[in-house]
There are 2 protein chains.
Amino acid sequence: MAFKASHNLDEQIAEYLSAQIIQGKLEPGERILEARLAEELGVSRGPIREALRILERKRLVKLIPRRGARITEVSAAYIEWLYDILNELYSLVARRAAENRTQKDLAQIRRSVKRIEDCAVRGDVPGYYDAIFEYASIGQQAARNPLLDQMLKDLEPSTRRAQFASLSLRTEDLKQNVAFF
Amino acid sequence: MAFKASHNLDEQIAEYLSAQIIQGKLEPGERILEARLAEELGVSRGPIREALRILERKRLVKLIPRRGARITEVSAAYIEWLYDILNELYSLVARRAAENRTQKDLAQIRRSVKRIEDCAVRGDVPGYYDAIFEYASIGQQAARNPLLDQMLKDLEPSTRRAQFASLSLRTEDLKQNVAFF
DNA sequence: TGACAAAAAACTGTTGACAAAACTCTAAAA
DNA sequence: TTTTAGAGTTTTGTCAACAGTTTTTTGTCA
């Protein structure tokens, strides 16, 4: 089913499943059977297992010992909890980025904002989302706190999922980052 | 070396290694060899691998594909980054806990504070640390944001390590939580 | 019909072996 | 002396099989 190269299987599988989950092709609450997936992808259960651990870290699946993996649920409450945290963390990003930014950061930010506007004008919705995340990512790097950057990266898949669930308020929280320039 | 029961090996191994790393018995930057550790603990490499993934999630080891696992470094800068984030997240905990706390939460908090004081009086240093974490944990639960709770739990091992490294300012950040009562 | 117990099936946990990549050491050439 | 090429070693990645647990099914009794 999915293409496999001479790269690492676990990461490829995690990537593949990640996309499936974010796009809602796998139902929340659904069980993931190692053996079935292994056969489907033409690999053994080892890499599947490791991929599931990666997805657990990104909070896309929940692993319960001896009773397998399930796609995590994204309730309205969960989205609120997530945004409550993102709001807090991005406000920190904005403050630190404002302190530590360089000319190079600013130039990057301007390019990124341009890209967002272009996508908006063109009505390119997927591109718009990606541009928003790119923008956030640049801010994160400018904040010069790699741990914070990493934590937000880990939350990105959850955030993308939440966006799929609630398309309306998605910009509110990232907007915090605007204080940056 | 380490005791193994009919429970899950990966979690036990992760627990075991976690303690070793936090207590500084394994050097930062040190390589962890799967085969050596497997023989040492009398298990195969499978569970070792899964344990390493758990430790990666807790940021105690860094996994680099095809070149193994290393204990993460805890530089002064890293500790600052960590506390910068903890400060932010615990301020959120305090606010939400203040909003959502129940009588039961308050009673628990009071007991926990008592325990901290007792340990301080007795000069029970390890107990004091544990009491502080218990206290933080109760606050986290009272905040009624399970995602936030989980994120802080994931950070706990790193926090404990940072405490080992800098014993002086450890209370500063958790102190945020005091606004709670 | 419904509850319960035993048997069967399905699934995860663990292991040992093999393949492939990364690293180390040696030796020859510039 | 330093650099480079290659053989040999070490270590991680992947697989297939087996063991033990959990879940489902089947069958019996009230």
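Here is how the numbers come out for the structure above:
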item	result
Pairwise centroid distance, computed over Cα atoms, of the range B:72-101 with the range A:93-147, Å	24 Å
Inter-copy separations for A:PRO126, label at 7 Å along Cα-Cβ, nm, ascending	5.5
Value of Rg to Rh for chain B (Rh from inverse mean 1/r over Cα pairs, i.e. Kirkwood)	1.01
P(r) of the protein assembly as shown over all Cα-Cα pairs, binned every 20 Å from zero, in whole percent	25, 58, 16, 0
Members of the range B:69-103 that become less accessible by 50 Å² or more once partner protein chains are added (1.4 angstrom probe, chain alone as reference)	B:TRP81, B:ASP84, B:ILE85, B:GLU88
Residue-normalised accessible area of chain A, given per residue in Å² at a 1.4 Å probe	52 Å²
Distances in nm from A:ASN8 to the matching label points in the other copies, shortest first (labels 7 Å along Cα to Cβ)	2.1
Sulfur and carbon atoms: percent of accessible area, chain A [1.4 Å]	53 percent
27 Å Cα-Cα threshold exceeded, pairs from A:LYS62/B:LYS153; A:LYS153/B:LYS62; A:LYS25/A:LYS114	A:LYS25/A:LYS114
Summed residue charge, Cβ within 14 Å of A:GLN103's Cβ, Lys/Arg positive, Asp/Glu negative	+3
Total accessible surface hidden between B and A, rounded to 100 Å², 1.4 Å probe	3100 Å²
Theoretical FRET efficiency, 1/(1+(r/R0)^6), r = Cβ-Cβ of A:ASP130 and B:LEU106, R0 51 Å, to 0.05	0.65
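The values are calculated or read from the model by the stated rules, or taken from the named source; none is laboratory data. All of these numbers come straight from a predicted model, not from anything done at the bench. Every residue, glycine as well, gets a Cβ built from its backbone with ideal geometry; the counts of neighbours run over all protein chains shown. These area figures cover heavy atoms from the full protein model, side chains too; ligands, DNA and RNA do not enter into them. Shrake-Rupley method; radii C 1.70, N 1.55, O 1.52, S 1.80 Å.
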